[in-house]
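The values are calculated or read from the model by the stated rules, or taken from the named source; none is laboratory data. Computed from a predicted model, the values in this text were never measured in an experiment. For neighbour counting, all protein chains shown are included, and Cβ atoms are generated from backbone atoms with ideal geometry for every residue, glycine included.
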Amino acid sequence: MAHRAHRWRAAGVTVTAAGLIALGLAAPGASAVTEPRVDLRVLVVDDGGGPVGAITARLRGEGVPYTIVDLGDPGRPTLTDAFLGDTVGGRPRAKFQGVVVPNEAPFGAGSAEQTALESYERTYGIPQLDAYTWAHPGVGLDPIDHDGYVGPLDGRTANVTTAGRSGPFGYLRGSFSFEDNAPSVDESYGFVAQPRAGFTSYVETPVPGGAGSGTLLGEYAHDGRRELVVTFAYNRYQQQFQVLARGMVEWLTQGVHLGRARDYFAVHVDDVFAPDARWDTGRNCTPGDIDCGDGGTDTTTPIRMTAADARYAASWQQSHGFTLDMVFNAGAGEEWKEENGGTDPLTDQLLADRAKYRWVNHTYTHLFLGCVQDVSAVPWSCAKNADGSTRWVSRSDISAQISDNHDWGLLHGLSLDRGELVTGEHSGLKTLPQQPQDNPELGPALALNGVRWTASDNSRESAQRAVGSSTLTVPRHPMNVYYNVGTKAEMADEYNWIYTAKADGGSGICEDNPASTCLAEPLDTATGYTDHIVPAEARTDLGHVLGNDPRPHYAHQSNLAEDRLLYPVLERVLAGHRALFADNTPVVNLRQSAIGTELQNRARWQEALDAGRVTAYRIGKTVTVGAPAGTRIPVTAPEGTRQQYLLTSGTFGTPYAGARSAWAAPGTAQTALTLRLP
């Protein structure tokens, strides 16, 4: 593996003795004293553009430390030899292991700052990532009038070359497409060009309107320096960037860096055992819930899975290698059973397959656990006590909802984690605008029941936060597959109500909300779900997966019933991921407690970085990282890396995407984490 890594790290490059040492190679006559220290930090030269912003967001998302030099800031530091490097304890130090620049010469060719940067990269073997530039000989490419192209790239297929797959993009299966979400809009733009000597192409595409292929991304080795040249524009949310982002970071850091990334995907199915109210397509509200007010009698039939739906869910999981989290309300199921002759084939089937799922406590009867709701008007409000204070659901009622459901689950053989909870509608947590604070009784009730991780709605609160003294939230992504629909037609009808203008028969919500966009015209209720909603939702969800976002997604048991609306979305996400990524980069499907821990580790790590309390560097083949006591340290390194303890060593991390990574900690009696690279 080490030899393979050296092929892409140093191919075609002539560097100084110090540069060879920085690459982990032997340099004639080099001594231990002069062997340089390279700090594990990236320099970002920011022009305010989308490509640099995308790379910066990826660095932060993985937990890679970086320093920004803002070109638009008149008070910014000047790049000099002293800014880029110095000496520590008599040893030369490179302050940055990689450099991100908006283009190949952001300070101007021949300028003092550009000269200092190039000299620094040459001396220490530091790679430079050109975030976006045009095709020209200065970056190792022929101009586009030599069998090239410049223009939109929407929908174009790109192929990872043999060099790319054997190097920094070995986690990809081989090809991917540029997004083309709006045929009437140019969403991507770039240069397709022919490489010159010294340029190794990593990603190519057939030349539009021409013959053969040209490069879009590759490594240019010249004058003792290495540049990763990108000739297409992008932003952080576009799939073409998300697919390549991991490899760009690995190339930039030569495969050794702080931070780690996985392709996470977890799906919670709420309200299991309970029925869900149904959308009324005539009244455009949900009778049986609280949003119809006094608008008439509820004539709709509640939506609830059948035993056949349960058998299908178990079979689907097995065939797709994916586990759903069943978020259950046992009391609601018992009420259903009592109201329907004392039998319940659904519950019997789910319990027969209990070992095939993960189970999460969703409270016994889905009681709203915040303020006592006054539903006499739409929207509802918080009921008040005689003195005008808010009337809260009591601590004892909250506790009973948690403990009764947990006890039922244990009695029926469900494998539960007592520390996990999802309250009904995320209730108990603040709900704007009606309830601007948490129910003060919620935190103590959670602590009493040993709850460490309670779900929140990511669309309302995207950051993890504390609830009471012992519980943290786990934000969940709501899926655009609604709880109150069982059929494709119902789903498209409600979607139309939300996303069409009043003039087109919609609610106009999309017109009033600046974050929303109205449909050009209402969807056909017969085809709209399959043709529009499924691709849009799957694209959003896959974007979360590719963005190293561990937060779970959530839908409802109603979406596994009737037309089984959830499965087409999940299948599209999973199939899309398999088509893009090699077998060494699988979807990681965690339960809620593990996701909570991941978010907690990230928050503590970012706090340590922001406070300047992390010291990390590489000297030859040894990596040393110091951080505040109790802080888990994310590190990514090549296969063969070992962690050094006082008297022994052990294999470091777990394999993923061709590397090894972990949330690590120093060994017993050690104050720093020490790794030995292969």
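Filtering Thr115, Thr67 for residues that are under 26 Å from Ala662 (Cα atoms) and either more than 32 Å from the chain's Cα centre (by Cα) or part of a strand (DSSP E or B) (or both) leaves a single hit, Thr67. Identification of strands (runs of 3 or more DSSP E) wholly contained in segment 158-237 with 1 or more residues that are in contact with a helix residue (DSSP H, G or I) (Cβ under 8 Å, 6 or more places away or on another chain) and more than 17 Å from Asp130 (Cβ to Cβ) yields 175-177. State the number of residues belonging to segment 117-173 that are aromatic (Phe, Trp, Tyr) and closer than 21 Å to Ala193 by Cα. The total comes to 4. So in segment 180-214, with the set limited to residues that are polar (S, T, N, Q) and closer than 20 Å to Val249 by Cβ, which one is surrounded by the fewest Cβ atoms within 10 Å (Cβ to Cβ)? Ranking the candidates gives Thr200 first.
When Gly151, Gly125, Gly138 are checked against the criterion of being assigned by TED's automatic domain parsing to the domain that holds Thr80, modelled with pLDDT of 95 or more, surrounded by fewer than 19 Cβ atoms within 10 Å (Cβ to Cβ) and closer than 22 Å to Ile55 by Cβ, a single residue qualifies: Gly138. Exactly one residue out of Arg660, Arg642 is in contact (Cβ under 8 Å) with a residue 24 or more places away in the chain, in the same structural domain as Ala616 (by TED's automatic domain parsing), among the basic types (Lys, Arg) and surrounded by fewer than 19 Cβ atoms within 10 Å (Cβ to Cβ): that is Arg642.
As for segment 278-288, it holds at least one residue that is in the same structural domain as Tyr567 (by TED's automatic domain parsing), among the β-branched types (Val, Ile, Thr) and in contact (Cβ under 8 Å) with a residue 12 or more places away in the chain. Residues in segment 82-98 that are under 13 Å from Leu117 (Cα atoms) and loosely packed, with under 13 Cβ neighbours inside 10 Å: 1 in all. The condition (being in a helix (DSSP H, G or I) and under 30 Å from Pro168 (Cα atoms)) is satisfied by just one residue among Arg572, Arg551: Arg572.
Across segment 465-483, the number of residues qualifying as surrounded by 23 or more Cβ atoms within 10 Å (Cβ to Cβ) and more than 18 Å from Ala455 (Cβ to Cβ) comes to 0. Residues that are of a type in the set (A, V, I, L, M) and under 30 Å from Leu519 (Cβ atoms) within segment 170-221 comprise Ala182, Val185, listed in sequence order. Of the candidates Ala515, Ala526, Ala536, the single residue that is of a type in the set (A, V, I, L, M, F, W, C), at pLDDT below 95 and either more than 29 Å from Asn361 (Cβ to Cβ) or exposed (fewer than 15 other Cβ atoms within 10 Å of the Cβ) (or both) is Ala515.
Only a single item in (1) of a type outside the set (Ser, Thr, Tyr); (2) touching a Pro at 6+ places or on another chain (Cβ under 6 Å); (3) not in a helix (DSSP H, G or I) is not met by Val485, and it is number (2).
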